[in-house]
Amino acid sequence: MQAPPLVSDEELKLFQGLFKQHIGLHLSREKKALLASRLAKRIAELGLDSFRDYHRLIASEHAEAQAERQRAIDLITTNETYFFREKKHFDFLRGQILPRHPRDKAFAVWSAASSSGEEAYSIAMQLDDVLGEAPWSVFGSDISQRILAKARRGLYPMVRCEQVPPEYLKRYCLRGQGEYAGQLLVSRSVRERVSFSQLNLMALPQRLGPFDVVFLRNVIIYFDLPTKIEVVKAVTRHLRPGGHLFVGHSESLHGMPLQLETVAPSIYRKPP
C-alpha cells in the first residue's frame, strides 16, 4: 500500500508539534513537501494508510514507538555536509585561537551538530597539524543515531572532500580502491582521536566538556527564536570562559539576550 504523496495542513500541524516537543525543530509550512518526501517511503513500508496514522504510531511512549520516532527524526534531520565547510572559521581557528592556547593545556572542541562527521574530522585534522603532540580532543554529537554510525565509519564520497587541503589528503586520508573506488576513508589515527555520541540539544546532560571551542553551525536556523535562545544558552554553559562559539555564516545571534561577545560575523566569545 502506497502512502499519500502529500501531507494535509492538519497532518502537518501534528508533526510540527511532535518535532518541536522532542527536538525543538521548527517545521515550517514550506517544509511540507520535505516532510512528505522523507517519510512517505517509511509509511508505505509499514503498510499505513496516512501520515496521520504514522503520527499516531510515533507519538506513543511505548518502546517500539520511541524507536520508530527516532527513525522519523533521523529521516527529517539528516542533512548533507562536506569537509572544511565555511573555510573562514577554520582560518580563524588556526590563525587566532590555536596560537594563543598554552601547549601544555588540553584543547577540546565540540562539534555540536556533527551530522555525518565531516566537520569533526576537519577540526581533528587541523588540530593534529597545528598542535601536534600537544593534548587535544574532538567530540561530535548529533540527534540522529543513523548518521552518527556513518560518522564513526569515516568513509565518504570523494565529492564531499573537495575542500580538504591537498597536504591533508595525503596525511590523513586513504583513497578507496576496488569496491570503494570514488570514496575516501579518514585515517585510523584521526578517527581514534574523535568521539561521537547522540545528544539532544534541547536536553543536554549537566556534565559535558568544558570545551575551548564549540561549532554550532547550520542548526539553529531550524529553531524558532525562543528555542534558539534556549539552545545557545544551554550549549554555552559547556564553553570555557574565554572560549569561542561558531555558528553558520547564514546564522546570527544578534539581539539575543546572551552573555557572548561578537568577535566577527558568526564568531562569538564567552567572556573570561
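The values are calculated or read from the model by the stated rules, or taken from the named source; none is laboratory data. Just so you know, these numbers come straight off a predicted model, no measurement behind them. Note: ideal-geometry Cβ built from the backbone for every residue, glycine included; neighbour counts use all protein chains shown.
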Subject >> Pairs with Cβ under 7 Å, 6+ apart, first in segment 114-133 and outside the structural domain of Arg171 (by TED's automatic domain parsing), second part of a loop (DSSP other than H, G, I, E, B) >> reply: none
Subject >> From the options Ala33, Ala44, residue that is surrounded by 13 or more Cβ atoms within 10 Å (Cβ to Cβ) and either outside the structural domain of Ser116 (by TED's automatic domain parsing) or outside any helix (DSSP H, G or I) (or both) >> reply: Ala44
Subject >> So Glu179, is it more than 29 Å from Arg71 (Cβ to Cβ) and either at pLDDT 95 or above or out of contact with any Phe, Trp or Tyr (no Cβ under 6 Å at 6 or more places or on another chain) (or both) >> reply: no
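Just for segment 173-192: of the residues that are basic (Lys, Arg) and part of a helix (DSSP H, G or I), which one is surrounded by the fewest Cβ atoms within 10 Å (Cβ to Cβ)?
Restricting to residues being basic (Lys, Arg) and part of a helix (DSSP H, G or I), the top hit is Arg188.
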Original post:
Just for segment 104-147: of the residues that are of a type in the set (Ser, Thr, Tyr) and part of a strand (DSSP E or B), which one is surrounded by the fewest Cβ atoms within 10 Å (Cβ to Cβ)?
Top reply: Ser137
Original post:
How many residues does segment 1-26 contain that are without any contact (Cβ under 8 Å) to a residue 40 or more places away in the chain, within 30 Å of Ile229 (Cβ to Cβ) and assigned to a loop (DSSP other than H, G, I, E, B)?
Top reply: 0
Original post:
Quick one: is Leu239 touching a Leu at 6+ places or on another chain (Cβ under 8 Å), among the hydrophobic types (A, V, I, L, M, F, W, C) and buried (at least 20 other Cβ atoms within 10 Å of the Cβ)?
Top reply: yes
Subject >> Single unsatisfied condition, Leu258 versus (1) part of a strand (DSSP E or B); (2) touching a strand residue (DSSP E or B) at 6+ places or on another chain (Cβ under 9 Å); (3) of a type outside the set (Asp, Glu) >> reply: (1)
Original post:
When residues of segment 119-163 are filtered for being closer than 18 Å to Lys105 by Cβ, charged (D, E, K, R) and touching a helix residue (DSSP H, G or I) at 6+ places or on another chain (Cβ under 8 Å), how many remain?
Top reply: 1
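Out of Ser111, Ser115, I need the residue that is touching a Gly at 6+ places or on another chain (Cβ under 9 Å) and modelled with pLDDT of 95 or more. Which one? Working first, answer last.
Numbers: Ser115 fails: modelled with pLDDT of 95 or more.
So the residue among Ser111, Ser115 that is touching a Gly at 6+ places or on another chain (Cβ under 9 Å) and modelled with pLDDT of 95 or more is Ser111.
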**OP:** Go over the candidates Arg52, Arg56, Arg69 one by one and state the one that is outside the structural domain of Leu184 (by TED's automatic domain parsing), under 20 Å from the mean Cα position of the chain (by Cα), part of a helix (DSSP H, G or I) and at pLDDT 90 or above.
**Re:** Arg69
Subject >> Filter result for Pro205 (surrounded by fewer than 16 Cβ atoms within 10 Å (Cβ to Cβ) and either touching a Lys or Arg at 6+ places or on another chain (Cβ under 9 Å) or among the polar types (S, T, N, Q) (or both)) >> reply: no
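For every residue, the table says whether it meets (1) under 15 Å from the mean Cα position of the chain (by Cα); (2) more than 17 Å from Leu127 (Cβ to Cβ); (3) free of Cβ contacts under 8 Å to residues at least 24 places away in the same chain.
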{"site": "Gln145", "(1), (2), (3)": "yes, yes, no"}
{"site": "Ala181", "(1), (2), (3)": "no, yes, yes"}
{"site": "Val186", "(1), (2), (3)": "no, no, no"}
{"site": "Arg191", "(1), (2), (3)": "no, no, no"}
{"site": "Asn200", "(1), (2), (3)": "yes, yes, no"}
